[in-house]
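Heads up: the structure comes next, in C-alpha cells.
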Amino acid sequence: MFRIIDYQATEPIRKVNNNNQVAIPHSPKRIVLASIRITVPRRNANKNSVELIATVGVQGVSGTSQVLFKIFRDGKEIFRAQEGVESDPTSEVNYIVTIQAIDMNVGQGTHLYQVTAENITKGTEAAVVGPISFSGLAVAPDDWDRD
C-alpha cells in the first residue's frame, strides 16, 4: 500500500479566453505557466514518487508551431514533451495539451516544480489562451504495510 505524503495544485487560468492571449516565446526563452511546491519528509526521502500533471490551453497564431513543454524540479529539467499547434482557421486553432511526468525517489525537503512552454519553430507564433492547471501528488510506501 501507499500513502499520500503531499498534494498541491494550482489553476492560474480557469477557462479559455482567446481575447487575453499570452505569447509563447521562441527558444531559448520560455514562459513559466505554473508553479507548485511539494514537500518530502525525511522518512520518505529517496523512497517516493511524485506524479505531475499539467494541462495547458494553447492557440496557433501563425504557421505551425512546435511548442516544447518542460517540467523543472528546483531549476533542473526533469521532463519534456512537444506538441504541434496549427493556425489554419479552417482547421483547429485551439488545443488542450496534457502532460504527465513521474519524478522518482525525490530527496528530503520542499521542492519547486514549474511547467514551462517555448516555441521551437522560427517564423511561427503560438499563444497560451487557457485553461492552465498543474498538480503534484507525492506518495510513498506505507510504513505500516506488513504483508
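Just the number, please: carbon plus sulfur as a percent of the accessible area of region 2-147, 1.4 Å probe, no ligands or DNA/RNA counted. All intermediate terms of the calculation are to be shown ahead of the outcome.
Values: 3820 of 8050 Å².
Accessible surface attributable to carbon and sulfur in region 2-147 totals 47 percent.
Kindly report, to the nearest 10 Å², the accessible surface of Thr98 as traced by a 1.4 Å probe over protein heavy atoms only.
For Thr98, solvent-accessible area is about 90 Å².
Beyond 25 Å between alpha-carbons counts as too far, so tell me which of Lys15/Lys70; Lys47/Lys76; Lys15/Lys76 fall in that bin. Display every interim value, and only then the final one.
Details: Lys15/Lys70 22 Å; Lys47/Lys76 20 Å; Lys15/Lys76 29 Å.
Lys15/Lys76, as the Cα separations exceed 25 Å there.
May I ask for the Kirkwood hydrodynamic radius of the chain, worked out over all distinct Cα pairs and given in angstroms to one decimal?
Values: mean 1/r = 0.0618 Å⁻¹.
Across the chain, the inverse of the average 1/r is 16.2 Å.
If I take every Cα pair under 8 Å that is 6 or more residues apart in region 1-145, average their sequence separation and divide by the length, what percent do I get for the relative contact order?
Numbers: 407 pairs, mean separation 67.4, N = 145.
Relative contact order here is 46 percent.
Per residue, what volume in Å³ does the convex hull of the Cα atoms of region 74-147 enclose? Display every interim value, and only then the final one.
Values: hull volume 10.9 nm³, N = 74.
Per residue, the Cα convex hull of region 74-147 comes to 148 Å³.
Explain nothing, just the number: dipole magnitude of region 1-76 about its Cα centre with +1 on each Lys and Arg Cβ and -1 on each Asp and Glu Cβ, in debye rounded to the nearest 20.
Numbers: 12 positive and 4 negative charges, 63 e Å.
Result for region 1-76 is approximately 300 debye, rounded to the nearest 20.
Lys and Arg at +1, Asp and Glu at -1: add these up for the other residues within a Cβ distance under 12 Å of Tyr95 and post the number.
Overall, the nearby charge balance is -3.
Determine the order of Tyr95, Tyr7 by accessible area, beginning with the largest, at a probe radius of 1.4 Å. Before the final figure, lay out each step's value.
On the way: Tyr95 45, Tyr7 125 Å².
Sorted by accessible area, descending: Tyr7, Tyr95.
Using 16 Å as the cut-off for backbone N distance, which residues of region 92-107 belong to the label zone defined by a point 7 Å from the Cα of Arg42 along Cα→Cβ?
107
So how exposed is Ser49, as accessible area in Å² (1.4 Å probe, rounded to 10)?
Result for Ser49: roughly 30 Å² accessible.
Scan the chain and report its longest stretch carrying no trypsin sites (Lys or Arg not before Pro) that are both in a DSSP loop and have at most 10 other Cβ atoms within 10 Å.
Values: sites that count: Arg14, Lys15, Lys29, Lys122, Arg146.
Value returned for the longest uninterrupted segment is 30-121.
Given points 7 Å out from each Cα along the Cα-Cβ axis, report the Arg14 to Asp142 separation in nanometres with one decimal.
3.5 nm
Report the charge-dipole magnitude of the chain in Debye, nearest 20, computed about the Cα centre from +1 at each Lys and Arg Cβ and -1 at each Asp and Glu Cβ.
Details: 15 positive and 16 negative charges, 101 e Å.
Around 480 debye, computed over the chain.
Report, in cubic angstrom per residue, the convex hull volume of the C-alpha atoms of region 24-84.
Values: hull volume 5.9 nm³, N = 61.
Dividing the Cα hull volume of region 24-84 by its residue count gives 97 Å³.
Which residue, Gln66, Gly84, Ile24, has the largest displacement toward the positive end of the dipole of the chain when charges sit on each Cβ (Lys, Arg +1; Asp, Glu -1)?
Ile24
The values are calculated or read from the model by the stated rules, or taken from the named source; none is laboratory data. Every value quoted in this text rests on a predicted model; they were computed, and no experiment measured them. Quick reminder, even Gly has a Cβ in these numbers, built from the backbone with ideal geometry, and neighbours come from all protein chains shown. When the accessible area is computed, the model is the full protein with side chains, heavy atoms only, and any ligands, DNA or RNA have been set aside. Shrake-Rupley method; radii C 1.70, N 1.55, O 1.52, S 1.80 Å.
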